[in-house]
Amino acid sequence: MDVQNLKEELIVKETLQDLAIFGGLPAFSHYLHVGNPNIGNRNRLINRINNLLDRRRLTNRGPFVQEFEQKVIDLIGVRHCIAMTNGTVALEIAIRALGLSGEVIIPSMTFIATPHALQWQEITPVFCDIEPETYTIDPARIESMITPKTSGIIGVHLWSRPCMVDRLEQIARRHNLALLYDAAHAFGVSRYSRMVGSFGDAEIFSFHATKFLNSFEGGAVVTNNDHLAEKIRLMQNFGFAGKDNVVYIGTNGKMSEVSAAMGLTSLESIEEFIEANYRNYKTYQAELAGIPGIQLLSYNEGERNNYQYIVVEVNEALAGISRDQLLRVLEAENVLVRRYFYPGCHRMEPYRSYQPHAGLLLPETERLADCVLVLPTGTAIQPDDITKICQIIRLVTLLPTEVKYKIPCVNVRENSPNFIH
Ligand code: T4K
């Protein structure tokens, strides 16, 4: 196929009737997902699975988990890694081991697991607004939220953009507060050339299927604090300090061998994942350039990034179309974009009922939650897919106002077809 034909093949939507929401054929015959897993080398994974079956060591810190922990330690440059069953349990155990109680200050612009890990232990999450540069917890607002009950701060490296770690460190020190990071999105990322995972008292990772590095389900706590690491390791194994000796209340937070096998296999492919994500990011950047009201969040290319999230803000006044209308248009084309993290944790239960006025202090969070859209990327998405997606976005923004009005903007399909292929 010559270049001209190739170009024509890519031009799929030119008129209003071409749009699936107005009766045209969907641009894609299969669903394009946000969070479609990156899969490493299948053969190596299968070899590892055979290996663990052969030796009948399936869990309880077997050799694959130990190898995985060591590889994470080497990559991050941190003293301890305790591999966990998932990121939420990693958060819960880290919170408990740090002795957090009373109130903990966190952003509302995060996945619901962050506040739930606190509330689950009857600790109150106090929602703080985000700052406009990184969309992470705003250090300028934290101090006014500290009360005698405050025991810690949890920063979230949202969409793999690190928090303002230096300022958070200063605040935590000044007020003698614990500092934990939810780094669920930020594996393989650096700030000031130092890897995320080595900041604060501890950080947690998620290795869920949808994450940059996945172990099917999985997570980890990483820390430079020897005492804390020891406590966390005991707590994740029911508090056992020996075969017949329990020293803490504990739970079961252990990563299984099969998860570690996937984690190790994924680790071997992270350069390939970064390459695909970076290529996709640059394609989106080029294709979305100049579309009014569509702003792609950028990465600081001077640091290490995983480029795992393609996040756009839809400015309705400039685009002439709302975020929710654009979502409807793209879903009709089988592009299953997501509104992470709409509506903001403070507007979900139980926090909405417990803290009905929290939103008054969260203007930036609410503004962002109402206009944000996360687009598909990862190794399953090709540049041609992105060109098509961006053409659709461009076409929609160019529609006459009276046509835009016809695009439904409410009742976003609750049962979006996430898993149908
Ligand atoms: N902190 C933060 C900041 C987090 O974002 C998360 C998790 C956590 C803590 C907790 O870590 P974990 O306990 O999960 O390790 C998804 C993930 O389940 C969740 O891990 C993630 N954050 C969150 C942002 O996204 P949902 O409810 O949106 O997932 P779901 O099932 O709708 O899947 C998302 C998309 O991914 C779908 O379009 C389909 C696609 N997908 C998903 C899976 C599981 C696939 O293509 N294949 C798959 O196997 O929460």
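Structure notes:
- Any chance Leu180 is touching a residue at least 24 places away in the same chain (Cβ under 8 Å), within 12 Å of the ligand (Cβ to nearest atom), of a type in the set (A, V, I, L, M) and touching a strand residue (DSSP E or B) at 6+ places or on another chain (Cβ under 7 Å): yes
- Identity of the residue in region 122-165, surrounded by fewer than 20 Cβ atoms within 10 Å (Cβ to Cβ) and of a type in the set (A, V, I, L, M, F, W, C), that ends up nearest to Tyr299 (Cα to Cα): Met164
Yes or no, residue by residue, for (1) at pLDDT below 95; (2) of a type in the set (A, V, I, L, M, F, W, C); (3) touching a Cys at 6+ places or on another chain (Cβ under 6 Å):
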| site | (1), (2), (3) |
| --- | --- |
| Asp370 | no, no, no |
| Ile381 | no, yes, no |
| Cys390 | no, yes, no |
| Leu398 | yes, yes, no |
| Glu402 | yes, no, no |
| Tyr405 | yes, no, no |
| Cys409 | yes, yes, no |
| Asn418 | yes, no, no |
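- Any hit, region 151-158, residues being part of a helix (DSSP H, G or I), among the hydrophobic types (A, V, I, L, M, F, W, C), under 19 Å from the mean Cα position of the chain (by Cα) and within 12 Å of the ligand (Cβ to nearest atom): yes
- Residue selected from region 87-99 under the condition surrounded by 22 or more Cβ atoms within 10 Å (Cβ to Cβ) and of a type outside the set (Gly, Ala, Ser), by the criterion nearest to the ligand (Cβ to nearest atom): Thr88
- Test for Arg44: is it modelled with pLDDT of 95 or more and either part of a loop (DSSP other than H, G, I, E, B) or surrounded by 17 or more Cβ atoms within 10 Å (Cβ to Cβ) (or both): no
- Scanning region 19-41 for residues that are more than 16 Å from the ligand (Cβ to nearest atom), buried (at least 18 other Cβ atoms within 10 Å of the Cβ), of a type outside the set (Gly, Ala, Ser) and not in a loop (DSSP other than H, G, I, E, B) gives a single hit, Ile21.
- Where helices (runs of 4 or more DSSP H) sit wholly within region 249-319, those with at least 3 residues that are within 17 Å of the chain's Cα centre (by Cα) occupy 270-288.
- Whichever residue in region 339-363 is in a helix (DSSP H, G or I) and out of contact with any Phe, Trp or Tyr (no Cβ under 8 Å at 6 or more places or on another chain) and, among such residues, is nearest to Gln119 (Cα to Cα): Tyr354
- Matching entry among Glu230, Glu257 (being surrounded by fewer than 19 Cβ atoms within 10 Å (Cβ to Cβ) and either over 30 Å from Pro383 (Cβ atoms) or touching a Ser or Thr at 6+ places or on another chain (Cβ under 7 Å) (or both)): Glu230
- If you go through region 128-150 and keep only what is farther than 13 Å from Leu361 by Cα and either more than 15 Å from the ligand (Cβ to nearest atom) or of a type outside the set (Val, Ile, Thr) (or both), you end up with Pro132, Glu133, Tyr135, Pro139, Glu143, Ile146, Thr147, Pro148, Lys149, Thr150.
Results for (1) touching a residue at least 60 places away in the same chain (Cβ under 8 Å); (2) in contact with a Leu (Cβ under 6 Å, 6 or more places away or on another chain), shown as yes or no for each residue.
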{"residue": "Ser190", "(1), (2)": "yes, no"}
{"residue": "Met195", "(1), (2)": "yes, no"}
{"residue": "Gly200", "(1), (2)": "no, yes"}
{"residue": "Ile204", "(1), (2)": "yes, yes"}
{"residue": "Leu213", "(1), (2)": "yes, no"}
{"residue": "Gly218", "(1), (2)": "yes, no"}
{"residue": "Asn224", "(1), (2)": "yes, no"}
{"residue": "Lys231", "(1), (2)": "yes, no"}
{"residue": "Leu234", "(1), (2)": "no, no"}
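- Region 64-86, subset in contact with an Asp or Glu (Cβ under 8 Å, 6 or more places away or on another chain) and in a helix (DSSP H, G or I), residue farthest from the ligand (Cβ to nearest atom): Phe64
- In region 168-217, residue surrounded by the fewest Cβ atoms within 10 Å (Cβ to Cβ) [restricted to those that are of a type in the set (Phe, Trp, Tyr) and part of a loop (DSSP other than H, G, I, E, B)]: Tyr192
- Against the criterion of being in contact with a Cys (Cβ under 9 Å, 6 or more places away or on another chain), within 30 Å of Ser151 (Cα to Cα) and surrounded by fewer than 17 Cβ atoms within 10 Å (Cβ to Cβ), Ile105 does not qualify.
- The residue list Pro162, Pro125 contains one member that is over 15 Å from the mean Cα position of the chain (by Cα), under 22 Å from Tyr342 (Cα atoms), within 16 Å of the ligand (Cβ to nearest atom) and not small (Gly, Ala, Ser), which is Pro125.
- Residue check for Leu52: modelled with pLDDT of 90 or more, surrounded by 18 or more Cβ atoms within 10 Å (Cβ to Cβ) and over 26 Å from Thr283 (Cβ atoms): yes
- Residue list for region 153-192, filter: small (Gly, Ala, Ser) and closer than 24 Å to Phe207 by Cβ: Gly155, Ser160, Ala178, Ala183, Ala184, Ala186, Gly188, Ser190
The values are calculated or read from the model by the stated rules, or taken from the named source; none is laboratory data. Here the structure is a predicted model, which means the values were calculated and not measured. Neighbour counts run over all protein chains shown; Cβ positions are idealised from the backbone, glycine included.
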